[in-house]
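For reference, the structure is listed below as structure tokens.
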Amino acid sequence: SMMRERKTTDLLHSTDPLHSSTDLSEGKEKLRLKQEVGLISGVSLIAGTMIGSGIFMSPEWVLHHMGNPASSLLIWAACGLLAMFGALSYAELGTIIKESGGEYIYILRIFGSFPAFLFAYTSVILVRPAGLAAVCLSFAEYAIAPFYPGCSSPQVAVKCTAAACILILTIINCLNVRLATSVMNIFTAAKLLALLVIVVGGLVLLAKGQTQSFQNGFQGTTAGIGAVGVAFYQGLWSYDGWNNLNYVTEELKKPEVTLPRALMIAIPLVTCLYLLVNVSYLAAMTPSELLSSGAVAVTWGDKVLGSWAWFISLSVALSTFGSSNGTFFSGGRVCYIAAREGHMPDILSMAHVRCLTPSPALLFTSAMSLIMIISGTFTSIVNFFSFMAWLFYGMTISGLLYLKIKKPELPRSYEVPIIIPIIVLMAAVYLVLAPIIDQPQIEILYIVLFIFSGIIFYFPLVHFKYHPHFLQRVTLHLQLLLEVAPTTRDAN
């Protein structure tokens with residue numbers, strides 16, 4: 001049945017205009033145009049998706065939770081190592097289960113329908129909108145920072161700008177797929193340019209002897225397990241995207257060689273870049289200045305570039321806008337696959353009849369993101385996003401360990417040493433439990449209750465396939481209102 005499913009999805013990619021466009025988000029169709037993806041394309045795909053808003057926003061929070069520069073640099077290096085181990089584990093999963101849908105399809109094939117439904121339910125309603133809200137808030141911080149020199153921007157202005165960003169992205173993505181992809185490509189160049197300028201500037205400052213931030217670097221280190229866990233959350237947010245290569249496993253030349261090699265080049269490359277950028281921030285600012293900055297890279301620009309400081313604000317705003325567009329653009333994937341498996345309302349797998357974009361899924365994601373922007377701040381959203389993400393990463397990795405121990409005979413072209421997924425699983429357990437044990441927050445209880453609230457929907461609607469008549473009428477009215485139709489005749 002897996003082969004049959006793969007054939008049908010391949011057929012979809014070749015015949016369905018929606019899929020030939022939406023799959024660009026994950027690099028699937030774009031890479032298929034090149035027929036075979038070599039090492040360089042694989043590396044640029046991983047690095048491009050990892051570098052988003054985090055490196056421009058998270059350094060002050062990692063420093064805040066760790067208490068000093070040296071231990072915060074250790075956290076950045078450890079996050080890179082953990083992302084590397086996670087990606088290598090996912091690489092093996094990708095060569096065993098060659099289907100689209102990331103964690104959702106792995107959980108579905110290994111653990112069955114119920115946990116996969118809980119993942120899709122949480123992902124569509126909370127995880128993806130939370131990621132989008134966090135990136136748009138960081139875009140807003142940078143976009144309006146130049147208008148409030150020397151002081152932090154008012155929260156109302158930040159939230160209104162972030163909401164405007166989401167609305168613009170909704171319009172771009174619902175109207176035209178080509179426009180959305182070209183926006184993504186242009187903005188990727190901006191983020192790399194901004195990071196290179198910061199790295200070079202930092203090296204110049206170090207050469208001039210500005211090393212005061214690194215003297216007595218370990219003074220005042222925080223020892224609490226919860227604080228270290230939350231610092232990890234903020235750091236790992238910057239590395240998020242390490243699992244995206246799983247969407248193109250089938251397109252790689254010799255995946256068993258290229259996939260691990262691409263990971264082993266891209267993730268250490270991004271890690272070194274992030275460490276150098278952090279060193280550069282600390283060379284230009286004292287730790288207390290870094291902690292009081294709302295937008296670290298802008299403060300760095302004011303100190304180092306002088307009258308050219310606007311360049312950093314502009315580059316970072318473009319970079320974060322581009323990565324929020326990428327996050328938004330890939331939004332239809334889990335929605336579509338879950339709807340195809342019968343785990344989501346039909347309406348979420350439909351496409352606009354003229355624009356051929358998955359507009360219901362996009363509109364739903366933007367509505368949930370707007371609610372999060374109104375109710376939360378950048379750090380709180382990142383912490384909750386990370387808590388949920390690592391809960392499901394841990395589940396996926398435990399699935400890999402199950403396959404390694406119970407099903408060693410399954411054909412796999414690449415195998416990761418068993419110690420690596422064990423380390424990732426231990427880290428995932430730590431990241432999920434540490435903040436709960438150290439500083440229990442009522443919000444985490446709400447998240448867990450939310451995940452299990454999926455049971456209310458699962459048994460009547462999915463397990464017993466009970467479809468009330470009024471729901472079908474609502475779907476029909478929404479179809480007429482949004483001008484959407486099912487993507488294929490047999491989507492469910």
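Which peptide among 303-312, 365-374, 278-287 comes first, and what is the full order, when sorted by highest mean count of other Cβ atoms within 10 Å? Show your work: numbers first, answer last.
On the way: 303-312: 15.3, 365-374: 20.2, 278-287: 23.2.
Highest to lowest by the protection proxy: 278-287, 365-374, 303-312.
Would you please give the residues with an amide H less than 5 Å from that of A351, counting only those at least 5 places away or on a separate chain, with H modeled from the backbone geometry?
Residues meeting the amide H criterion: A485, T487.
Please list H477, H343 in order of solvent-accessible area, largest first, computed with a 1.4 Å probe with all protein chains present.
Details: H477 115, H343 10 Å².
So the residues, ranked largest to smallest area, are H477, H343.
Sorted by accessible area (1.4 Å probe), largest first, how do D438, D240 line up? Before the final figure, lay out the partial values.
Working: D438 65, D240 45 Å².
If we order D438, D240 from most to least accessible, we get D438, D240.
Per q in 0.13, 0.14 Å⁻¹, report the Debye log10 I(q)/I(0) for region 291-400, using one uniform scatterer on each alpha carbon and no solvent.
-0.75, -0.83
How far apart, in nanometres, would the label points at C151 and F452 be if each is projected 7 angstrom from Cα along the Cα-to-Cβ direction?
4.7
Structure shown: which of K254/K404; K191/K404; K254/K406; K98/K404 lie over 28 Å apart, alpha-carbon to alpha-carbon?
On the way: K254/K404 22 Å; K191/K404 39 Å; K254/K406 26 Å; K98/K404 16 Å.
Cα-Cα > 28 Å for K191/K404; rest within.
Using only protein heavy atoms and a 1.4 Å probe, report how much of F139 is accessible, in Å² to the nearest 10.
30
Rg and Dmax of region 377-427, Cα atoms, in Å?
My reading of the Cα-based Rg and Dmax gives 14.3, 48 Å.
Could you state how much accessible area R340 has, in square angstrom rounded to the nearest 10, with a 1.4 Å probe and all protein chains kept in place?
R340 has an accessible surface of roughly 40 Å² with all protein chains in place.
Hey, can you find the accessible area per residue of region 39-468 for me, probe 1.4 Å, expressed in square angstrom? Display every interim value, and only then the final one.
Values: 16560 Å² over 430 residues.
For region 39-468, the solvent-accessible area averages 39 Å² per residue.
Provide the net charge surrounding E256, with neighbours chosen by a C-beta distance below 12 Å and charges set as Lys +1, Arg +1, Asp -1, Glu -1. Walk me through the intermediate numbers first.
Values: positive: K253, K254, R261, R412; negative: E92, E415.
Its environment carries a net charge of +2.
Using label points projected 7 Å from each Cα along Cα→Cβ, tell me how many nm separate L167 and Y466, to one decimal.
Between L167 and Y466, the label points sit 4.0 nm apart.
Per the Kirkwood definition applied to all pairs of different Cα atoms, how many angstroms is the hydrodynamic radius of region 39-468? List each step's numbers first, then the result.
Numbers: mean 1/r = 0.0451 Å⁻¹.
Radius from the Kirkwood sum: 22.2 Å.
The values are calculated or read from the model by the stated rules, or taken from the named source; none is laboratory data. Here the structure is a predicted model, which is why all the values come from computation and not from measurement. Glycine also receives a Cβ, built like all others from the backbone with ideal geometry; neighbour counts cover every protein chain displayed. Please note that ligands, DNA and RNA were not included when accessible areas were found on the heavy atoms of the full protein model with its side chains. Shrake-Rupley method; radii C 1.70, N 1.55, O 1.52, S 1.80 Å.
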